[in-house]
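The values are calculated or read from the model by the stated rules, or taken from the named source; none is laboratory data. Given the structure is predicted, the values throughout are model-derived calculations rather than measurements. Note that we place each Cβ from the backbone using ideal geometry, even for glycine, and neighbour counts take in every protein chain shown. These area figures cover heavy atoms from the full protein model, side chains too; ligands, DNA and RNA do not enter into them. Shrake-Rupley method; radii C 1.70, N 1.55, O 1.52, S 1.80 Å.
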Amino acid sequence: MISIQQILFYAVIGAATIILLSSSIDIGVAIVGKALSSPTMTIDFDVDFDQHDDATTETETVDTDPILPITARKLALARGETVVSDVLPKLLQMSSETRKINESELPYSCGAVLFYHIPGTGGKAIRDWLKKLVEAHEEIATFFSSEGLDYAGFASGVDAQIQSIGSNNWKFIYAHDNSIVLGDDSHRLNQWRDVVASQKCRFLLTTTFQDPMDHSVSHTKKEFAKCNCEMEIFKSFVQKLVEFKPWRGQLDYLLYNTDESRIEHSTMDQKGKVKKGLRLLKNQFDVVVIDDHNKYADTILKVTGWPSPAEIPQKVLSDSRDLVFTKEMVSSWGKMSSKNGDADFIDAVNHVFFNSLGYLMEQ
């Protein structure tokens with residue numbers, strides 16, 4: 001039988017336990033409340049917060065509002081921080097500001113198409129297709145290439161090509177190595193556009209990109225083809241190269257072409273380069289595609305009103321020397337794409353030009 005003393009003892013223990021639990025809950029609520037209200041405290045949900053340093057040598061206006069992952073944005077809003085912008089609205093706004101081809105005006109009667117070939121994107125297939133297109137309409141079309149020229153030679157050659165186009169003629173211009181440094185020569189593009197427009201013709205600046213992983217595979221294949229070495233030695237070389245000196249990616253080539261000194265002496269951080277690349281595409285490029293040569297060809301055919309002389313060969317990533325891509329190499333490519341800015345840049349291009357995550361705005 002339980003004595004009165006035992007009953008009192010259990011009652012005291014129970015009351016103490018209730019008080020302890022109540023105090024713990026109050027403390028937890030206070031900590032969370034302070035974390036949500038104080039700008040100096042955060043709750044760690046494994047969110048990678050950036051410093052959002054937008055310092056750049058650009059003279060153009062740069063948007064300085066932070067672009068945060070959605071979880072970080074919710075936490076910032078909970079803390080009462082109003083100067084926060086989400087990446088999707090920003091990119092969708094930029095999408096509405098890109099250059100558009102008004103299909104109701106097609107085909108254009110005359111013009112100049114400049115194709116800027118970024119290495120590793122299958123641009124040679126497009127170059128060859130453009131040549132066939134010109135050959136099929138040789139009476140009213142010409143093809144001019146940067147191959148074998150330097151920067152000055154290419155610029156003067158384009159100047160000569162577009163001086164007198166003709167009321168029903170087209171000029172196709174192929175720009176590759178040593179052609180034009182788009183990151184610094186936007187004024188030249190504006191001049192060419194004005195010269196063509198003064199003749200009541202259209203100037204179209206075009207390019208193609210590739211998924212960063214596919215681009216890395218293409219580059220590796222190219223280097224392996226030039227290497228007279230065993231596969232294992234080559235793999236070791238590539239992995240070290242990627243880790244310590246990422247090769248020139250699509251973003252760097254878009255901005256600087258083959259001018260390595262401009263890449264090495266650039267004072268912009270990665271975020272600044274991505275913004276500059278997006279502004280360049282938004283302000284200057286009329287046709288931008290990713291991994292879709294058929295879409296590029298269809299657009300050019302609609303612009304000119306011509307039939308296609310041939311299909312564009314699709315890019316093949318196989319290799320006759322049996323180069324096997326290991327997990328370590330794939331991991332290294334991911335790090336390389338982050339270091340040279342391609343991962344963030346191509347992701348943003350997908351949003352701006354192809355609305356790849358626009359459906360999220362409807363949720």
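Accessible area per residue, 1.4 Å probe, Å², for the range 157-203: what's the number? Spell out each step's value before the answer.
Numbers: 2030 Å² over 47 residues.
Accessible surface, normalised per residue, equals 43 Å².
What shape does the range 223-308 take by its C-alpha gyration tensor, where a ≥ b ≥ c are the square roots of the eigenvalues and a/c under 1.5 counts as rounded, a/b above b/c as prolate, and the rest as oblate? Oblate shape, in that a/c is at least 1.5 and b/c is the bigger or equal ratio.
GLU147 sits among other residues whose Cβ lies under 14 Å from its own Cβ, and their net charge, with Lys and Arg +1 and Asp and Glu -1, is 0. Computed from the C-beta positions of LEU106 and GLU264, the FRET efficiency with R₀ = 51 Å rounds to 0.75. Quick one: pull the percent of accessible area on the range 206-310 belonging to carbon and sulfur, 1.4 Å probe, ligands and nucleic acids left out. Summing carbon and sulfur atoms, their accessible area is 53 percent of the total for the range 206-310.
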